[in-house]
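Heads up: the structure comes next, in structure tokens.
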Amino acid sequence: MDIKKSAVTILLGATFLALSLLTAAAMMLMSGFQWGVALIAFVWLLSGVGLIFLQNWARLLALLQTACIFLTQIYFLYRVRIFNFFHIAFACFFIATFIYLINPKVKEQFKRK
């Protein structure tokens, strides 16, 4: 993998940006401004922009986010017993994201920048 951005990395960054917008929209549809939800939306936004610009701190932040979201999805699947396609697909997406971000070639791509 050369210094050029891969399509997967750009798509992943765009997905994180979209998640930040969805989180912000959900906050507005709920009972107005909430600091916790705003912080989550800001972290999604920050990691999405960082991933697009191949920043290593954004890769580490995205790894942390994907691990937390995956654990949350596991909680919903087993503890709350919500078995629907959305939760399973969301968990699979974050497993794939985690595996992609720990790939040695991707690590090297982020370190060269």
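Data table
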read-out: Segment 92-113 residues near the modelled L11 label - backbone nitrogen below 12 Å, point 7 Å along Cα→Cβ; value: 97
read-out: Segment T72-V49, length gained on full extension (0.36 nm per residue, minus Cα span); value: 5.9 nm
read-out: Ranked by how many other beta carbons lie within 10 Å on average, peptides 41-51, 66-76 from highest; value: 41-51, 66-76
read-out: Quotient of Cα Rg and 2.2 N^0.38 Å for the chain, N being how many residues it contains; value: 1.13
read-out: Ascending count of other beta-carbon atoms within 10 Å, so fewest first, for S20, S6; value: S6, S20
read-out: At least 18 Å along the helix axis (C-alpha) and Kyte average at least -0.5, DSSP helices within the chain; value: 7-29, 35-52, 56-78, 85-101
read-out: Mean Cα-pair separation over length for segment 7-112, i.e. relative contact order, pairs under 8 Å, 6 or more apart, %; value: 25 percent
read-out: Highest to lowest packing among 100-108, 57-65, 32-40, scored as the average C-beta count within 10 Å; value: 57-65, 100-108, 32-40
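Where a number appears in this text, it was derived from the coordinates with a stated rule and is not lab data. Treat the numbers as computed from the prediction; the structure is a model and nothing was measured. Every residue, glycine among them, receives a Cβ derived from its backbone with ideal geometry; neighbour counts consider all protein chains shown.
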